[in-house]
1. Kindly indicate which of Ala155, Ala146, Ala133 is touching a Ser or Thr at 6+ places or on another chain (Cβ under 8 Å) and either on the phi < 0 side of the Ramachandran plot or surrounded by 14 or more Cβ atoms within 10 Å (Cβ to Cβ) (or both).
2. Please find, among Ala370, Ala358, Ala442, Ala453, the residue that is at pLDDT 90 or above, in a helix (DSSP H, G or I) and more than 27 Å from Leu29 (Cβ to Cβ).
3. Just wondering, is there one or more residues in region 171-181 that are within 16 Å of the ligand (Cβ to nearest atom) and under 29 Å from Glu356 (Cα atoms)?
4. How many of the residues in region 44-94 are within 10 Å of the ligand (Cβ to nearest atom) and closer than 30 Å to Ala144 by Cα?
5. What tally of residues in region 178-221 results from selecting those that are on the phi > 0 side of the Ramachandran plot and touching a His at 6+ places or on another chain (Cβ under 7 Å)?
6. Could you check region 177-216 and list, in sequence order, the residues that are without any contact (Cβ under 8 Å) to a residue 24 or more places away in the chain and basic (Lys, Arg)?
7. Quick check on region 216-234. Is at least one of its residues more than 14 Å from the ligand (Cβ to nearest atom) and assigned to a helix (DSSP H, G or I)?
8. Among the residues of region 253-292, write down those that are among the charged types (D, E, K, R) and under 17 Å from Glu204 (Cα atoms).
Amino acid sequence: YSPIHVIGGGLAGSEAAWQIAEAGVPVILHEMRGVRGTDAHKTDGLAELVCSNSFRSDDATSNAVGVLHAEMRLAGSLIMQAADRNQVPAGGALAVDRDGFSQAVSAQIESHPLISLVREEISDLPPSEWDLAIVATGPLTAPALAEAIRRETGADALAFFDAIAPIVYTETIDMDICWHQSRYDKVGPGGTGKDYINCPMTEEQYNAFVDALIASDKTGFKEWEGTPYFDGCLPIEVMAERGRETLRHGPMKPMGLTNAHNPSVKPYAVVQLRQDNALGTLYNMVGFQTKLKYGAQTDVFRMIPGLENAEFARLGGLHRNTYINSPTLLDHSLTLKSRPGLRFAGQITGCEGYVESASVGLLAGRFAAAERKGEAPSLPPATTAFGALLNHITGGHIVSDDEPGKRSFQPMNINFGLFPPLEPGALTRPEGAKRFRGKEKALAKKQATAARALGDCADWLG
Ligand code: FAD
C-alpha cells in the first residue's frame with residue numbers, strides 16, 4: 001500500500017497512525033514540535049498531555065468516559081495501552097505519569113516498522129499526491145495550516161475560541177416550574193413554537209442570582225490566549241458586572257414569554273434552554289457561556305427556578321480552541337466533503353478532551369486504513385460510545401431555530417446524553433429493591449446504557 005499521511009502527533013494523530021499501521025498500511029506522521037512549538041506544549045514528546053494528567057473516570061459500568069476507555073481497549077488503542085502501563089494512583093480515575101505516558105507512545109510509534117515520523121510543520125492542506133491524509137493538529141493548530149483550512153472551509157466554519165454554555169440533562173429539569181415556548185411563539189424551520197424550555201424568575205430571585213454571579217470564583221485566561229470577548233459572546237458574569245439590568249435586557253429577557261403555569265404573572269427575567277441534540281436528551285442554557293469555576297457554576301445555576309436539581313452533562317467555558325464546524329463539513333467517516341481522502345481527527349473536529357480526541361483519532365485511522373484497502377469504512381453503532389461521539393461530531397446537533405445560520409455546534413465531552421435512549425422495557429426493577437426511581441433509576445439507566453455500548457462495540461469489532 002502507499003502511505004497515509006497523518007498531520008499532528010498529539011493524542012489523536014498518534015492513535016490514528018497506530019491504528020493504520022496495525023491494519024498493515026504504512027503511515028507518515030508529521031509532527032512540528034522539535035521544529036516549532038505551541039503555546040501550551042512543553043516537550044517534543046508525542047501525545048503530550050498539556051494540562052491535567054487525568055483521563056477521568058475508569059468506571060466502564062456507569063460512567064460514559066469509562067465506557068469510552070473500555071471501547072478503546074477493545075479496539076487495541078495505543079493511547080490506552082500507554083496509559084494503563086503508566087498509571088498513577090487516583091481513586092476511580094485513570095491518571096498517568098505524563099512523561100512516562102508520552103515516552104511510551106513515542107517509543108511505540110518510533111519503533112513501528114510501518115510508521116515514519118517526520119519532524120516538520122505542515123503549512124498547507126495536503127498536496128494532491130497525498131491521496132489519503134488525516135489532519136489531527138489539535139486546539140492549537142499552527143496558524144498557517146489553520147489559515148489554509150479556513151480558506152477551504154469558509155471563515156464561519158473555523159473557530160479559534162469555543163464559547164461553551166452549560167448543558168443540562170433534560171430529565172433533571174423541573175417541568176412543574178418550567179414550560180416549553182419559543183419567544184413570541186415563533187415557529188422556525190422544523191420548529192413548533194415550543195422549542196425552548198423557560199425558567200421564570202421573580203425580581204428577588206433575579207437580584208440574588210446577579211449578586212451570586214458577580215461574587216463567584218472565576219478562572220482567568222492564560223496570557224497567550226488573549227481575551228476573546230467578541231461577537232456579543234461575553235461571559236454571563238461579565239454581562240452581570242456591566243450593570244444590574246444588563247442580563248434582563250440580554251439573554252435573560254422575559255419578553256414574548258408567558259409562564260404556562262401562571263399566565264397572569266409576568267416573569268421578571270427568564271433563563272431559556274435550547275434543545276442541544278436530536279435525541280432531545282440535552283438542553284443548553286442559551287447565552288450562558290462563562291468563566292465561572294466549575295463548582296461555582298453548579299451552585300449558581302441551581303439557584304435558577306426549575307434547575308434546583310439539574311445535572312449537567314457539561315459545564316460552561318471559554319477557551320482558545322481551534323475547531324471546525326464538523327456537522328456541516330464532514331461526512332460520517334470524518335472526511336471533508338469538499339476534499340475526498342482528507343479526514344479530520346481529534347479536538348479540531350469538535351470533541352473535547354484527551355480521551356475523546358484519541359478515540360476520534362482511532363476511528364479516523366481505522367476509516368482511512370479501510371479506504372486504502374478498498375473497503376467501505378465500518379461505522380460504529382450509534383449505541384456505542386464511539387458512535388455517540390461520532391454522531392455528535394458529524395451530525396445530530398440542532399441548528400438554532402430563531403437565529404438562522406447561527407452555529408450551535410460546540411465542543412463536547414462524551415456523556416450519556418449523547419447515547420440513544422434505551423429500548424422500552426430495557427430497565428427492570430432490581431430484585432428485592434423497594435424503590436426504583438430517582439438516583440437508583442438514573443444509575444440503572446447508566447449501567448444498562450454502558451452494558452449495551454460494550455456489547456455492541458464488541459460485536460462491531462468482530
Ligand atoms: P494535540 O494533542 O494538541 O495534538 C496536536 C499536535 O499537532 C501537536 O503535537 C502539535 O504540535 C501538532 N501540530 C499543530 N499544528 C501542526 C502543523 N501545522 N504541522 C505539524 N504538526 C502540527 N484536555 C483534557 O482532557 N484535560 C485537560 O486538562 C486539558 N487541558 C487543556 C489545556 C489547554 C491549555 C489546552 C489548549 C487544551 C487542554 N485540553 C485538555 C484539551 C487537550 O489538549 C486536547 O483534548 C487533546 O490534546 C487534543 O488532542 P489532539 O490530538 O486533537 O491535539
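The values are calculated or read from the model by the stated rules, or taken from the named source; none is laboratory data. Predicted model only: the values in this text are computed from it and were never measured. Cβ sites come from the backbone with ideal geometry, for glycine too, and all protein chains shown count toward neighbours.
1. Ala146 is the lone residue from the list that is touching a Ser or Thr at 6+ places or on another chain (Cβ under 8 Å) and either on the phi < 0 side of the Ramachandran plot or surrounded by 14 or more Cβ atoms within 10 Å (Cβ to Cβ) (or both).
2. Residue meeting the stated conditions: Ala453.
3. Taking every residue of region 171-181 in turn, none turns out to be within 16 Å of the ligand (Cβ to nearest atom) and under 29 Å from Glu356 (Cα atoms).
4. Qualifying residue count for the region: 11.
5. So the count comes out to 0.
6. Once the filter is applied, which keeps residues that are without any contact (Cβ under 8 Å) to a residue 24 or more places away in the chain and basic (Lys, Arg), region 177-216 yields only Lys194.
7. To start, the set of residues in region 216-234 that are more than 14 Å from the ligand (Cβ to nearest atom) comprises 216-218, 227, 229-234.
Restricting the remaining residues to those that are assigned to a helix (DSSP H, G or I) gives none.
For region 216-234, residues more than 14 Å from the ligand (Cβ to nearest atom) and assigned to a helix (DSSP H, G or I): absent.
8. Selection gives Lys253, Lys266.
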